[in-house]
Amino acid sequence: MPDKKLTVLIVDDSRTVLAQIESFVAANETAEVVGTARNGAEAVQQVSRLKPDLVLMDIVMPDVDGLSALRLIAAKNPETRVAMLSSVGAMASKAEEAFRLGAIQVMSKPIDEDVLGALLAQEYERARSAGGSRAGGRQ
Amino acid sequence: MGVQFFGQYLIECGEVNAEQVRAALNLMDVENRSIGELAVEGRLLSKADADKVNAEQRHRDMPFGELAVEMGLLDEEQIDNLVQLQWRTRLRIGQALVRLRHLDRARLDELLIRYEEDQEPHRIENLELPLGLEGNALAPIVLDLFPNMMMRVARISTRVGCGEPIFERPDFSVQIAVAVSGDSGLLVGLVGDEEFSRHVAAKASGLDPDRIDADMLLDGMGEFLNVLAGNAMAIAERNGIELELEPPRAEIDVGSGFVFELAVNVGTAALILKPL
């Protein structure tokens, strides 16, 4: 078992998606879900409070959408690594905007578990080589 | 892989990283000309008139070309020519990555071929649509993608029947829709019985079917529609159609819509499409 797991915040307005990703991350021994949020405003608050290593965030959400939240997170917590995971993630206009705002990856739904697994592994290695997980207190 | 834009594909293949894609997008921003800039460069419009259109755009959410036509500064043929010129001369993401030396030219050619092969299952075949849906660019894409997405998300085998105008509200226990607004706006609805909806929600969430409550039934069906509509929009966008997706809603006004019977191997269900 790793010393410090990669801490993950999941942001999606769908309970279905939250359950799916939580279950996928739970099965991964190098990562753990430290929080969830149902819209962009909650996500911004949770990022400041939990300081997760990685945020997996939807784009189309009520009230504050994922791209607006990404802009706010990049301004308030620029060190946060955010990957977008959205049904509109394959739209060039949305993906390009997300990359411009600082997203480290834009994935489309349905979720490709190989791609998500590779992202978790990459971010785990990155956090570890950077001198341990920034928010790795939870084990 | 699913429907993707080329930059994502390159990242997922490990050819480039997000920083390199970001640098390529910045280069594209610098090099690619807007319709207004092309019109001024082509002497179809004075700089002062282009500024007037830009100023008007701050108050009205309309494309430059449409506004310029409305203001009597350009005609539709000129706009069509400018759009084609923009399309032909546009620096694309792969070319920008080569220019920045993040990708080799020969490697780009190979990857473009692989990308086209990867996206081949998402090419849309011509479908016959009922009168009233003809002319809606999104509807045939949704119909074509439906079986593929239903299999990927819920492992349900599906054949989509012919569309019929709706005369009365379909009698199914679970009903949900997503609205896609824009050039080819469309309400995409999915209605199903308990067995079908529970199966979709369970497969989409990974939860045991017994743990699916009434709220989750709707949520799971709604999430499927999100995925279906989002992927269809990505394909439509490649043809220059601008669309926005709204979150799912349970209240469906199906008047003047069309119902497509679904032959499914779990429960019973139907798809509803209504131009917006």
> List the pairs whose first member sits in segment B:201-222 and is in a loop (DSSP other than H, G, I, E, B), whose second member is exposed (fewer than 15 other Cβ atoms within 10 Å of the Cβ) and at pLDDT 90 or above, and whose Cβ atoms are under 6 Å apart, counting only residues at least 6 apart or on separate chains?
Replying inline: B:Gly206/A:Ser23
>> Looking at B:Leu45, B:Leu10, can you tell me which residue is over 27 Å from the mean Cα position of the chain (by Cα), more than 10 Å from chain A (Cβ to nearest Cβ) and farther than 18 Å from B:Arg88 by Cα?
In response: B:Leu45
> Of all residues in segment A:12-41, which are under 14 Å from the mean Cα position of the chain (by Cα), under 22 Å from A:Leu67 (Cα atoms) and away from chain B (no Cβ under 14 Å)?
Replying inline: A:Val34, A:Gly35, A:Ala37
> Would you call B:Asn239 surrounded by fewer than 23 Cβ atoms within 10 Å (Cβ to Cβ) and of a type in the set (S, T, N, Q)?
Replying inline: yes
>> Among the residues of segment B:151-173, what is the count of those that are closer than 14 Å to B:Gly257 by Cβ and among the basic types (Lys, Arg)?
In response: 1
>> For segment A:94-125, give me each residue that is free of Cβ contacts under 8 Å to residues at least 12 places away in the same chain, charged (D, E, K, R) and within 11 Å of chain B (Cβ to nearest Cβ).
In response: A:Glu96, A:Arg100, A:Asp112, A:Asp114
> For segment B:137-195, list the strands (runs of 3 or more DSSP E) that sit wholly inside it and hold at least 2 residues that are modelled with pLDDT of 90 or more and closer than 16 Å to B:Ile241 by Cβ; which are they?
Replying inline: B:174-182, B:186-192
> Using beta carbons and a limit of 8 Å, which pairs, at least six apart or on different chains, have the first residue in segment B:87-110 and under 28 Å from B:Ile241 (Cα atoms) and outside any helix (DSSP H, G or I) and the second one at pLDDT below 95 and acidic (Asp, Glu)?
Replying inline: B:Leu91/B:Glu31
> Within segment A:11-23, which residues are touching a residue at least 12 places away in the same chain (Cβ under 8 Å) and either closer than 16 Å to A:Ser108 by Cα or in a strand (DSSP E or B) (or both)?
Replying inline: A:Val11, A:Asp12, A:Asp13, A:Ser14, A:Val17, A:Leu18, A:Gln20, A:Ile21
> Which residues, taken from segment B:141-169, are surrounded by fewer than 16 Cβ atoms within 10 Å (Cβ to Cβ) and either among the aromatic types (Phe, Trp, Tyr) or farther than 19 Å from A:Ser108 by Cα (or both)?
Replying inline: B:Ser157, B:Arg159, B:Gly161, B:Cys162, B:Glu164, B:Pro165, B:Phe167, B:Glu168, B:Arg169
> Looking only at residues in segment A:42-59 that are under 11 Å from the mean Cα position of the chain (by Cα) and charged (D, E, K, R), which one is nearest to the other protein chains (Cβ to nearest Cβ)?
Replying inline: A:Asp58
> Where residues in segment B:70-96 are of a type in the set (Val, Ile, Thr) and crowded, with 16+ Cβ neighbours inside 10 Å, which of them is farthest from A:Glu96 (Cα to Cα)?
Replying inline: B:Ile79
>> Among the residues that make up segment B:197-219, is at least one of them crowded, with 21+ Cβ neighbours inside 10 Å and within 15 Å of B:Ile141 (Cα to Cα)?
In response: no
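The values are calculated or read from the model by the stated rules, or taken from the named source; none is laboratory data. Note that this is a predicted model, so its numbers are computed, not measured. Here the Cβ is made from the backbone with ideal geometry for all residues, glycine too, and neighbour counts use every protein chain on show.
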